[in-house]
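See structure below.
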Number of protein chains: 2
Amino acid sequence: MNGTSTQQMKRYQIAKVYRRDQPAMTKGRMREFYQCDFDIAGSYDNMIPDAEAITVMIEALTALSVGDFKIKINHRQILDGMFAICGVPEDKIRPISSAVDKSDKLSWEEVRKEMVEEKGLDGAVADKIGEYIKLKGGQELCSSLLENAELSNNSSAKEGIESMKLLFEYLEIFGVLDKISFDLSLARGLDYYTGVIYEAVLELPEEIAPPSKSSKGSKEQDEEQTRIGSIAAGGRYDNLVGMFASGSSKKESNVKIPCVGISIGVERVFSILLKQAKMEEIKSNAVQVYVMSVRDGLLKERMAICKELWSHDIAAEFMYKAKPKLQNQFNACDRDHIPLAVIIGEQELLDNKVKIKNMGDKSSEQAGGLLYDRDQMVSTLKTMLKM
Amino acid sequence: MNGTSTQQMKRYQIAKVYRRDQPAMTKGRMREFYQCDFDIAGSYDNMIPDAEAITVMIEALTALSVGDFKIKINHRQILDGMFAICGVPEDKIRPISSAVDKSDKLSWEEVRKEMVEEKGLDGAVADKIGEYIKLKGGQELCSSLLENAELSNNSSAKEGIESMKLLFEYLEIFGVLDKISFDLSLARGLDYYTGVIYEAVLELPEEIAPPSKSSKGSKEQDEEQTRIGSIAAGGRYDNLVGMFASGSSKKESNVKIPCVGISIGVERVFSILLKQAKMEEIKSNAVQVYVMSVRDGLLKERMAICKELWSHDIAAEFMYKAKPKLQNQFNACDRDHIPLAVIIGEQELLDNKVKIKNMGDKSSEQAGGLLYDRDQMVSTLKTMLKM
């Protein structure tokens, strides 16, 4: 986003990002990590790009097959209204919000204790918050919240709820309502989020789910176990980008670039997918064909075959040795789970033939590969590779 | 490359890289920049992975259609031998090598002056170097260099030339000899390159080529003009990775991970491609279909159509406005060079129809789009998009 002219943009990136935060090596919480981002910048009608961002997040996580997940959503204006209604003093909103955000991993008693004992909130105020943040549901929660007189009379809360109602209508059109959970206890990043906020939470199978609301074990263990569920998050941040817009030093409040976006934790997704996969079935590279020789090295002939395969967009490799042993070539092929082998020897060269072996087929007639005419090699491989 | 167990790897990356170097903003020479790397790590028979790396570089640059280019190649051992034969003192090899490397952009008189006056080399030694670095050619240069008694009697030079002979044989099999120029004046990165070195140089059309070997203009201008030709480079670096291998602090010289690789300057390639392209024809995004409405906003109907197109892998967008003007929608479509538009109005909705407009067709019967049955929309678009 260079200069002041670009005020609308839709973009994604998968790249390293950085945070100034306390690293926790054992949890894989680093200052440098990979993130997949999708963002929409620009001034548009309420909740339209927000609905698209959430839909993109759901489509991405679905395509990644990470397992069942829910998107918790809430709205900054509802939180602001709720804290005002409950009577949280201005200077306590941020610490109290941070306590609220822990209610997915701590029991209400622990959250309340943090609010009252650590952060000095009045007990009655905490209890009132406790009633609100119990509220969870779907589209229907918008209507029931609007029926709540306290919320309806607070302009911030009312606007937030009406925005959520609109968002739900759009999410229904985009066909993703079944993944959405409206949750008043979600309270993330109040420093910069200004509107809708959301978090994708993996629904763990019961046998590996953390003990719910338990306070057993060390605090770190507990956090580790419960936080594994969160794999993506985002929200609307209307004031952040303008701060970095050129010219902002002169007229600080004039440049505004509203944004909504999502971030998917790439390493988190990888670690989930790796746990799901059977490790022995993971192919370490994309090679489709290994070109090998029997007896004589035939290096240049193997290179020539590779070049021919490459020129037909077949991913091929050969052993970088002048005279490799056959067994070593088979081992390399097996180690990297390369599905097909092209095998040549002096006789095949004389006859203008090649042997092609399906490495997955352990039957005896396949042992040394099946013989094909040299000029049938590429088409035969392409057929076998379903290209 | 984590731990000591991984000693063989073939990989590519397109990512940001960093260098501690004097930034030159006007030349786009930054400490952070994008680079495309391809590297092969591991101990293999001589010149086999080297030939593959050079072939990958040539295939990538060809696929990118950057224009005509040549790969200058040379070998560290030939340079070492040459400097020894000419009598360059040990402590002057690096500065003299750096002067030699400038002979593509400075006249021999200037290079000689730098060697003798700035770097204190004996004039006769400089002249002898001058004779060697004139030597350029193809595969045949290997044989003629081997016939040179001085080079053949220097074990380093001899090994280097024999390696180059082997490399040429492999490059011939890979079908890329026509791009290769063996050039004894190429002398880059002696700090870490240990074997073959190469640089891809764009062959500029005559009208925009820099004045050859000219000393006119400021030094910076000159450098700017001539250096634009270099778009990719690389070589063999056998000692670099081992320095960072775990365990190297204990037995420093024991861990060795030989590597050969290429780097393509992504920003450099982009700037060349942008110059080649006619700016007005550049599509700023990948959107294939713009979904718009006439008169009434029909926001939810536009969203539903987009969702349907997305689910069929058609890249579609709509205006994030409840009631957008038709002209604004057409303008957005034109601005982003979106090829097709789906247009709906109340009548089309009632009739279960959509209009599809080929935005490139300015004929009058196409003005408002052609009418199709709603259930033919996706297949019609896919046909028009050749999907």
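Counting heavy atoms of the protein chains alone, B:LYS16 has an accessible area of about 90 Å² for a 1.4 Å probe. In the context of the full set of protein chains, the stretch B:263-387 has a per residue accessible area of 54 Å² (1.4 Å probe).
Between B and A, roughly 2700 Å² of accessible area is buried in total, ligands, DNA and RNA not counted and the probe set to 1.4 Å.
With all protein chains present, how much of the accessible area of the protein assembly as shown (probe radius 1.4 Å) comes from carbon and sulfur, to the nearest whole percent? Exposed carbon and sulfur together represent 51 percent of the surface. Springs join every pair of Cα atoms under 10 Å in this Gaussian network model of chain B, and among B:HIS312, B:HIS337, B:HIS75 the largest mean-square fluctuation is at B:HIS312.
Comparing the full protein assembly with the isolated chain (1.4 Å probe, heavy atoms, ligands and nucleic acids excluded), the residues of the stretch B:282-331 losing at least 50 square angstrom of accessible area are B:LYS300, B:MET303, B:LYS307, B:TRP310, B:TYR320. When chain A is treated as a GNM, springs tying every alpha-carbon pair under 10 Å, which of A:PRO258, A:PRO89, A:PRO23 comes out with the largest mean-square fluctuation? Maximum fluctuation in the GNM of chain A, among the listed residues, is at A:PRO23.
Heavy-atom accessible area with a 1.4 Å probe sorts B:LYS362, B:LYS113, B:LYS357, A:LYS158, largest first, into B:LYS362, B:LYS113, A:LYS158, B:LYS357.
Excluding ligands and nucleic acids, what accessible area in Å² is computed for B:ILE93 using a 1.4 Å probe, to the nearest 10? So the heavy atoms of B:ILE93 present about 30 Å² to solvent.
When only the heavy atoms of the protein chains count and the probe is 1.4 Å, how do B:GLU199, B:GLU118 rank by accessible area, highest first? If you can, show how the numbers build up before the last one.
Values: B:GLU199 10, B:GLU118 140 Å².
From most accessible down to least: B:GLU118, B:GLU199.
Ordered by 1.4 Å accessible area with all protein chains kept, B:CYS333, B:CYS36 run largest first as B:CYS36, B:CYS333.
Compared with the dominant Cα axis of chain A, that is its longest principal axis, helix A:266-276 is turned about 60°.
Computed with every protein chain present, the accessible area of A:ARG188 is close to 50 Å² [probe 1.4 Å]. With the label put 7 angstrom out from Cα along the Cα-to-Cβ vector, A:PRO23 ends up 2.3 nm from the copy partners, going from closest to farthest.
Comparing A:LEU340, A:LEU177, A:LEU202 in a Gaussian network model of chain A where C-alpha atoms under 10 Å apart are linked, the largest mean-square fluctuation is found at A:LEU340.
What is the sum of charges, Lys and Arg at +1 and Asp and Glu at -1, for the other residues whose Cβ falls under 14 Å from the Cβ of A:SER156? Every neighbour counted, the sum reads -3. Inter-copy label distances for A:GLY120: 7.1 nm (label point placed 7 Å from Cα along Cα→Cβ; shortest first). Counting only protein heavy atoms and a 1.4 Å probe, the stretch B:28-79 has 34 square angstrom of accessible area per residue.
Helix A:48-63 and the long axis of chain A differ in direction by around 40°, with both axes built from C-alpha atoms. Against the longest principal axis of chain B, how steep is helix B:123-132, in degrees 0 to 90 to the nearest 10, with axes from Cα atoms? With both axes taken from Cα atoms, the answer is about 50 degrees. Here is how far apart the A:ASP313 label points are across copies: 1.2 nm, shortest first, using a point 7 Å from Cα toward Cβ.
The values are calculated or read from the model by the stated rules, or taken from the named source; none is laboratory data. Note that the coordinates shown come from a computational prediction; the quantities given were computed from them, not determined experimentally. Heads up, the Cβs are rebuilt from the backbone with ideal geometry, glycines too, and the neighbour counts pull from every protein chain shown. To get the accessible areas, we keep the full protein, side chains included, count just its heavy atoms, and leave off ligands, DNA and RNA. Shrake-Rupley method; radii C 1.70, N 1.55, O 1.52, S 1.80 Å.
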